[in-house]
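See structure below.
The values are calculated or read from the model by the stated rules, or taken from the named source; none is laboratory data. Computed from a prediction, not measured in an experiment: that's the story for all the values here. Glycine gets a Cβ as well: all are built from the backbone with ideal geometry, and neighbour counts include every protein chain shown. Please note that ligands, DNA and RNA were not included when accessible areas were found on the heavy atoms of the full protein model with its side chains. Shrake-Rupley method; radii C 1.70, N 1.55, O 1.52, S 1.80 Å.
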Amino acid sequence: MKHLPIAVLLLFLAACGPNTSQSDEHSNSKDTTGAPPAEVVMQKDVVIRPLSGYFVNNSVKLTDSVACWIIHNPEEMRKTFGMAKTMNNTIDTIDFSHNLLAAVVLRPSDLTQTIELSRSYVLDGNMDLHFAIKVDTPKTTYTKSMAWLGAIPKSDSVKNIRFFRGDRMMTTIDAADLREAQDTDMKH
């Protein structure tokens, strides 16, 4: 009699547990579309550190409405960008031994311009950088080239660095070419 409540409890749990029986209809169901099973796609987010305190040098000639660059050394950065030091701002720096400089620059305009990195990830050997770029009114009383700069981590697994405006690809830069150029710079 002592074990009767335990037996009743076990019987109750067995009756209320998950249904392990399957009808033939469910156990034999198959994909009738003929499509191969979907592959799991893994993308890895990339942490990009935006840099502030820089402007595009006047000596840089922009022919496209949007220019995308990867810079791998401080000399090239100094040729392209100047420091915009004021009394109360900070100039961000980049360590080229661990990072590359990604830059998106808009052609000079008197319209209001904004550039924002909206997504960044690595997928299938490509580092994809997606930007939201807006050129709109109101007009300003001067012209300037809007620039976005960011430090991206170096990675031997990245084959290409691709720049997108929204989901439309603007340009692709071969990362192997960058590594070769950097190796050449180190030898000199």
Modelled FRET efficiency - R0 30 Å, residue 177 with residue 52, Cβ distances, 0.05 increments: 0.60
What does the accessible area of residue 130 come to, in Å² to the nearest 10, when a probe of 1.4 Å is used? 10
Length-normalised contact order of segment 72-188 in % [C-alpha pairs under 8 Å, at least 6 apart]: 25
Expressed per residue, the solvent accessible area of segment 43-188 in Å² (1.4 Å probe) is about 60
How large is the accessible surface of residue 62 in square angstrom, using a 1.4 angstrom probe and rounding to the nearest 10? 30
Determine the share of segment 37-130's accessible area contributed by carbon and sulfur atoms, expressed in whole percent, with a 1.4 angstrom probe. 53
Projecting the Cα atoms of 120, 99, 77 onto the charge dipole of segment 54-125, where Lys and Arg contribute +1 and Asp and Glu -1 at Cβ, the residue farthest towards the positive end is 77
Built amide H within the under 5 Å cut-off of residue 159, gap 5+: 126, 127
To the nearest 10 Å², what's residue 105's accessible area with a 1.4 Å probe? 0
Treat each spin label as a single point 7 Å out from the Cα along the C-beta direction, and report the residue 160 to residue 85 distance in nm. 4.1
Given H placed on each backbone N at 1.01 Å, which residues far from residue 92 in sequence or on other chains put an amide H within less than 5 Å of it? 52
Once the principal axes of the Cα atoms of segment 74-188 are found, what is the range along each, listed largest first in whole angstroms? 46, 35, 22
